[in-house]
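One structure is given here, and the rest of the page talks about it.
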Amino acid sequence: MKLSELKPGQEAVIAEFTGEEISIKLMEMGLVPGEAVLMEQVAPMGDPISVNVSGYHLSLRLSEAEQIIVDVKQ
């Protein structure tokens, strides 16, 4: 599942990135494989989204979130 498909309140673990070019930027922001991420909210028009990772809030463009593959926690 893509990070962009999570609903507010859902938790997941980052599995991998689909785009090599953006993966470095995302890892610099703390989005690394194996890290837990919580979807906090989605803007009214769907872009951007707000997530919590490593104890801080991060806003991502929908195009960035679509390149992050996650495993949803049950």
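Please treat every number below as a calculation from the coordinates, not as lab data. Just so it is clear, the model here is predicted, and its values are computed rather than measured. Glycine gets a Cβ as well: all are built from the backbone with ideal geometry, and neighbour counts include every protein chain shown.
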TODO: Scan segment 1-33 residue by residue and report those that are touching a Ser or Thr at 6+ places or on another chain (Cβ under 8 Å) and either closer than 17 Å to Ser63 by Cα or assigned to a strand (DSSP E or B) (or both).
DONE: Phe17
Open item on the list: Please count how many residues of segment 34-74 are exposed (fewer than 15 other Cβ atoms within 10 Å of the Cβ), under 11 Å from the mean Cα position of the chain (by Cα) and assigned to a loop (DSSP other than H, G, I, E, B).
Closed with: 2
Task: Options Lys7, Lys25; residue that is surrounded by fewer than 16 Cβ atoms within 10 Å (Cβ to Cβ) and over 15 Å from Val70 (Cβ atoms) - done: Lys25
Open item on the list: Every residue in segment 32-52 that is under 10 Å from Val13 (Cα atoms) and either among the aliphatic types (A, V, I, L, M) or in contact with a His (Cβ under 7 Å, 6 or more places away or on another chain) (or both), please.
Closed with: Val32, Ala36, Val37, Leu38
